[in-house]
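Q: What follows is a single structure, and I will ask about it in a moment.
The values are calculated or read from the model by the stated rules, or taken from the named source; none is laboratory data. Everything numeric in this text was worked out from a predicted model, so none of it was measured. Cβ placement follows ideal geometry from the backbone for every residue including glycine, while neighbour counts extend to all protein chains displayed.
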Amino acid sequence: MAVKTFEEQNLILNMGPQHPSTHGVLRLVLELDGETVVSCKPVIGYLHTGFEKMFEQKTYWQGVTYTDRMDYLAPMSNNLGYSLAVEKLLEVEIPPRATVARVVLAELTRLASHLVWLGTQAMDMGAMSVFLYCFRERERILDIFEACSGQRMMTSYIRPGGLAYDLPNGFAEEVKAIVDVMPARIDEYEALLTKNNIWRDRTVGVGVLKLEDAISLGVTGPNLRASGGTLDVRRDFPYCGYEEYDFQVVVGERGDIYERYVVRIREMRESLKIILQGLKRLPGGPHVTTDRKVAFPPRSELATSMEALIHHFKLATEGIRVPAGEVYSVIESPRGELGVYLVADGSAKAYRLHVRAPSFATLQALPLIAKGGLVADLVAMIGSLDPVLGEVDR
Amino acid sequence: MSDQTTVAEQPAAPEKDPVLAQVEERFGEKLLESSVVLDQPTFAVRREDLIALATFLRDTAGLQFVRLSDLCGIDYLDLGKTPRFAVIYHFHSFQLNRWLRVRVPVDEDDAVVPTLTNEWSGANWFEREVYDLFGIEFSGHPDLTRILMPDEWEGHPLRKDFQPPKEPHEWSFNPEEWQKAVQRGS
């Protein structure tokens, strides 16, 4: 083989894993011909923490805390996906207050997660101010999470059986206050970007993902819908009573970065609609199931009821025992289809718990859409796929 | 259900799941297992029938499980099942709006399964993950390398009998050696 001259050679460039705009620790090995990306190979695993192994060592309650740390931008969604899988095998009834609160919190999470996406994507492309606006609103949502669970990000608030604690006083008013200002705030973001010529030049027709490729690659969520796919787990496989809420599944068609932007922006508005409906129907009553084999009895019963004391002791020492069986339970996380495959053997620990992380599948699309594009657009493409590396590596 | 038919008759056997019926008719004896678990049809086939079943599910009108949603491995060692491993596939059909599970049992001594990357390009990373964490190989896979663990890692962590490696020497604490060092006065 003849030695290639400098002009003929392609440049191999290592991008990441500590590159600030790869959203965590994504490493890309790029082959560049001038400014054109010839090939792009993602290298992942830098954040691999062995969560799936840990689920096998920990009780079902302890397992909740690991779900927060997978998709750290959408902790409530991950709590919910995990809890629903466990509850399907337990066949336990969740009180309506907890169910509605879960929907409200999951949609708030979607809002918060999309705000981070919008802020970071715009910042990656040079629009710093959008980031500041987005994080201003996200802070208020995190304040609500803090009031609920005591934690801003690692909430572990939604647990098998219901919620960890009852909703705090003034929850509905605080959420309502945010929902009331958000439409105007989203208008502000749009005023900065939607018709902005620089933004449009850099996003329209860039990073196009075709529908058949998206389906074959297992891309889900807003990325699939921007390409014209009509899968939304909330509508197609309703959980937590999503079938009773009135909302639209936002579907685009072109599948470029701009379309993904439009789809997510419109999804934020749909989320606001769902939150408002949830607040209207938020009932009183218990926040956790009355099944004593799943949730602790109230403190007042312990002094008078022997049975309650036994249940408390069994739960505190062993945890929940989940009957043997297997289930694949899916929810719509902000990033797409979050699947939990749980195999239980009747003990208090999962025998096997596999998480089908939406970002893991989505990130496979990056080499495809990056090929032939400019290296300067690559950062925009990564941002538009919105991967969270904690979830990719698990 | 109309009212007239159900009055005096014996309670009819529950209607067979249409997906189950269609797959059983085509594959019959080849199915090691066929049932509906929590509304999810579940089949088990030998590895030589996997691609035939997967493409049948995808291409048959009335089924159209066009999306491979998930692919993972499992180690049945502690449950005492044989063969020891299985690879589990979850398919999704837009048309039927349903999930479907396919299980392929895998022998420990001959842990090889045909790849689905030619049918679904998204199977690529999922199969690498199963290879990485369980040591199950996928024949025909374009790039079967470790994906989550470091390349030089030994063993497959999600196996039930996996022993975590010892810490590198300079960070480890060995009580006996420590005692000796104390006695030596160093």
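Q: I'd like to check something: does segment A:82-95 contain any residue that is over 23 Å from A:F360 (Cα atoms), surrounded by 22 or more Cβ atoms within 10 Å (Cβ to Cβ) and basic (K, R)?
A: The answer is no, given that none of the residues of segment A:82-95 is over 23 Å from A:F360 (Cα atoms), surrounded by 22 or more Cβ atoms within 10 Å (Cβ to Cβ) and basic (K, R).
Q: Which one of B:E108, B:E177, B:E154 is surrounded by fewer than 19 Cβ atoms within 10 Å (Cβ to Cβ) and under 25 Å from B:L32 (Cα atoms)?
A: After applying the criteria, what remains is B:E108.
Q: Taking the condition surrounded by fewer than 22 Cβ atoms within 10 Å (Cβ to Cβ) and within 14 Å of another protein chain (Cβ to nearest Cβ), does A:E35 pass?
A: no
Q: Quick one: B:Q183 ticks every box in (1) over 24 Å from A:E326 (Cα atoms); (2) facing chain A (nearest Cβ under 8 Å); (3) surrounded by fewer than 18 Cβ atoms within 10 Å (Cβ to Cβ) bar one, so which box is it?
A: Unmet for B:Q183, out of (1) over 24 Å from A:E326 (Cα atoms); (2) facing chain A (nearest Cβ under 8 Å); (3) surrounded by fewer than 18 Cβ atoms within 10 Å (Cβ to Cβ): (2).
Q: Run down B:L68, B:L63, B:L38 and say which single residue is crowded, with 19+ Cβ neighbours inside 10 Å, farther than 17 Å from B:L158 by Cα and at pLDDT below 90.
A: Selected residue: B:L63, the only one of B:L68, B:L63, B:L38 that is crowded, with 19+ Cβ neighbours inside 10 Å, farther than 17 Å from B:L158 by Cα and at pLDDT below 90.
Q: Going by the structure shown, is A:R292 under 23 Å from A:L224 (Cα atoms) and touching an Asp or Glu at 6+ places or on another chain (Cβ under 8 Å)?
A: When the stated conditions are applied, A:R292 does not pass them.
Okay, residues lined up against (1) more than 9 Å from every other protein chain (Cβ to nearest Cβ); (2) over 15 Å from the mean Cα position of the chain (by Cα):
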| residue | (1), (2) |
| --- | --- |
| B:F27 | yes, yes |
| B:S34 | yes, yes |
| B:P41 | yes, no |
| B:A52 | yes, yes |
| B:A61 | yes, yes |
| B:S69 | no, no |
| B:C72 | no, no |
| B:D75 | no, no |
| B:F85 | yes, no |
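Per-residue answers, yes or no, for (1) touching a residue at least 60 places away in the same chain (Cβ under 8 Å); (2) in contact with a helix residue (DSSP H, G or I) (Cβ under 6 Å, 6 or more places away or on another chain); (3) farther than 30 Å from A:L368 by Cα:
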residue	(1), (2), (3)
A:E243	no, no, yes
A:F247	no, yes, yes
A:G255	no, yes, no
A:Y261	yes, no, no
A:R266	no, no, no
A:L279	yes, yes, yes
A:K293	no, no, yes
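Q: Being of a type outside the set (S, T, Y) and in contact with a Phe, Trp or Tyr (Cβ under 6 Å, 6 or more places away or on another chain) is true for just one of A:V249, A:V204, A:V219. Which residue is that?
A: Just one listed residue meets the conditions, A:V204.
Q: Of the conditions (1) surrounded by 14 or more Cβ atoms within 10 Å (Cβ to Cβ); (2) over 20 Å from A:D345 (Cα atoms); (3) in contact (Cβ under 8 Å) with a residue 40 or more places away in the chain, B:R103 clears all except one; give me its number.
A: (2)
Q: Follow-up question, since we're still on this one. Residues to consider are B:L144, B:L100, B:L133; find the one that is within 11 Å of chain A (Cβ to nearest Cβ), in contact with an Asp or Glu (Cβ under 9 Å, 6 or more places away or on another chain) and aliphatic (A, V, I, L, M).
A: Matching residue, one of B:L144, B:L100, B:L133: B:L133.
Q: Given the criterion over 30 Å from A:T36 (Cβ atoms) and exposed (fewer than 15 other Cβ atoms within 10 Å of the Cβ), identify the matching residue among A:G150, A:G126.
A: A:G150
Q: Related question: Would segment A:129-144 turn up any residue that is buried (at least 19 other Cβ atoms within 10 Å of the Cβ), hydroxyl-bearing (S, T, Y) and not in a strand (DSSP E or B)?
A: The answer is no; no qualifying residue exists.
Q: Considering only residues that are within 28 Å of A:D213 (Cβ to Cβ) and of a type in the set (S, T, Y), which ones fall in segment B:14-72?
A: Answer for segment B:14-72, where residues must be within 28 Å of A:D213 (Cβ to Cβ) and of a type in the set (S, T, Y): B:T55, B:T60, B:S69.
Q: Any chance segment A:157-173 includes a residue that's among the polar types (S, T, N, Q) and surrounded by fewer than 21 Cβ atoms within 10 Å (Cβ to Cβ)?
A: yes
Q: Taking the residues in segment A:196-244 that are β-branched (V, I, T) and in a helix (DSSP H, G or I) as candidates, determine which candidate is nearest to the other protein chains (Cβ to nearest Cβ).
A: Within segment A:196-244, the match that is nearest to the other protein chains (Cβ to nearest Cβ) is A:I215.
Q: Considering each residue of segment A:40-71, count those that are over 28 Å from A:Y165 (Cα atoms), more than 22 Å from the chain's Cα centre (by Cα) and surrounded by 16 or more Cβ atoms within 10 Å (Cβ to Cβ), and give that number.
A: The qualifying residues number 1.
Q: Can you name every residue in segment A:374-387 that is in contact with a helix residue (DSSP H, G or I) (Cβ under 7 Å, 6 or more places away or on another chain), away from chain B (no Cβ under 14 Å) and outside any helix (DSSP H, G or I)?
A: A:D386
Q: Between a first residue in segment A:93-121 that is assigned to a helix (DSSP H, G or I) and a second residue that is aromatic (F, W, Y), which pairs have beta carbons less than 6 Å apart while being 6 or more apart in sequence or on different chains?
A: A:G119/A:F131; A:G119/A:F135
Q: Of the residues A:S347, A:S359, only one is within 14 Å of chain B (Cβ to nearest Cβ), in contact (Cβ under 8 Å) with a residue 60 or more places away in the chain and not acidic (D, E); which?
A: Every option except A:S359 fails the conditions.
Q: Same structure again: Would you check if there is a residue in segment A:45-54 being hydrophobic (A, V, I, L, M, F, W, C) and either out of contact with any Leu (no Cβ under 7 Å at 6 or more places or on another chain) or at pLDDT 90 or above (or both)?
A: Within segment A:45-54, one or more residues are hydrophobic (A, V, I, L, M, F, W, C) and either out of contact with any Leu (no Cβ under 7 Å at 6 or more places or on another chain) or at pLDDT 90 or above (or both).
Q: Right, here's the next one. Would you mind finding the one in B:S139, B:S121 that is more than 14 Å from chain A (Cβ to nearest Cβ) and of a type in the set (S, T, Y)?
A: Among B:S139, B:S121, only B:S139 is more than 14 Å from chain A (Cβ to nearest Cβ) and of a type in the set (S, T, Y).
Q: Only one residue in B:D161, B:D151 is at pLDDT 85 or above, within 14 Å of chain A (Cβ to nearest Cβ), more than 27 Å from B:V45 (Cα to Cα) and assigned to a loop (DSSP other than H, G, I, E, B), so which one is that?
A: Only one candidate passes the filter, namely B:D151.
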